[in-house]
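Chemist: I have a structure here, written as structure tokens, and I will follow up with some questions on it.
Values quoted throughout were computed directly from the atomic coordinates according to the rules given, and no laboratory measurement underlies them. Since this is a predicted model, take the numbers as computed values, not measurements. Please note: Cβ atoms are built from the backbone with ideal geometry, for glycine as well, and neighbour counts cover all protein chains shown.
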Amino acid sequence: MKFHSYLTVFVLFCSASISGQTKSSIVDELNTPKSGQGTVKIFIDDKVKDMLGSPAANSHNKDDNDTVQTKASGTIIKCPGFKIQVFSGNDQRKSKNEAYSKQSQIKNLFPDIDTAVWFHSPFWRLRVGNFKTQAEAAQAMVELKKAFPSFGKEMYVVKDQITLVVE
């Protein structure tokens, strides 16, 4: 299953670079024979093929079950990466409010950074960012610790699924 996810991500990265060069769809590009390379033949319904070529028709919100989505601003890809865990708590009375409070403080100071509060019993967690490398996440964590020294003791970099937008 992971192989198919990685293959999908690879194909979409290739299609993103190819789509900037030509107007053909990814299916047409993959079905075109190229010397020195293997042969790929994709059989697909015309309605689905039309959707692949039209980002506006395929625009929708994030869905945790999707690996790759298309929006008007680009292709959204979910892949392994790193986030900064800012908060984790299991106090039923306080943790939810504390997570959302810290999220709002971070969003006020860093509006461009992604934040996510989620509940996985019994913990409420706040994770920040979508970083490809651990070094990028560590650098961002230094900036967050400078801005929010009171959060610093709880912050650390974690491996997580990240969301990237490929133009």
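Chemist: Taking 21 Å as the cut-off for C-alpha to C-alpha distance, list the pairs among K83/K146; K34/K78; K102/K146; K107/K146 that go past it. Don't skip to the answer; put the middle values down first.
Modeler: Details: K83/K146 17 Å; K34/K78 29 Å; K102/K146 15 Å; K107/K146 15 Å.
Result: K34/K78 exceed 21 Å.
Chemist: Right, next: State, to one decimal in nm, how far the label point of T39 lies from the label point of S104, with both points 7 Å from Cα in the Cβ direction.
Modeler: Once both label points are built, they end up 6.2 nm from each other.
Chemist: List S95, S88 from most exposed to least, where exposure is judged by having the fewest other Cβ atoms within 10 Å. Intermediate results must be reported in sequence, preceding the final value.
Modeler: Details: S95 20, S88 16.
Neighbour counts put them in this order, fewest first: S88, S95.
Chemist: Kindly state, to the nearest 0.05, the FRET efficiency for D46 paired with E167, given R0 = 22 Å and r defined as their beta-carbon distance. Let's see the in-between values first.
Modeler: Numbers: r = 27 Å, r/R0 = 1.21.
With a Förster radius of 22 Å, E is 0.25.
Chemist: Order these peptides, 122-129, 31-38, by their mean beta-carbon neighbour count within 10 angstrom, highest first. Intermediate results must be reported in sequence, preceding the final value.
Modeler: Working: 122-129: 20.1, 31-38: 8.1.
Ranked by mean Cβ neighbours within 10 Å, highest first: 122-129, 31-38.
Chemist: Sticking with this one: Taking R0 as 30 Å, what's the FRET efficiency between I113 and D91 from their Cβ-Cβ distance, rounded to 0.05?
Modeler: On the way: r = 26 Å, r/R0 = 0.86.
Working from the Cβ atoms, E equals 0.70.
Chemist: Using Cα-Cα distances under 8 Å and only pairs 6 or more residues apart, what relative contact order does the range 79-166 have, in percent? Let's see the in-between values first.
Modeler: Details: 146 pairs, mean separation 41.3, N = 88.
Once divided by the residue count of the range 79-166, the mean separation gives 47 percent.
Chemist: Something else now. Quote to one decimal, in nm, the extra length available between V158 and K132 on full extension: 0.36 nm per residue of separation minus the C-alpha distance between them.
Modeler: Details: separation 26, 0.36 × 26 = 9.36 nm, distance 1.17 nm.
Length gained between V158 and K132: 8.2 nm.
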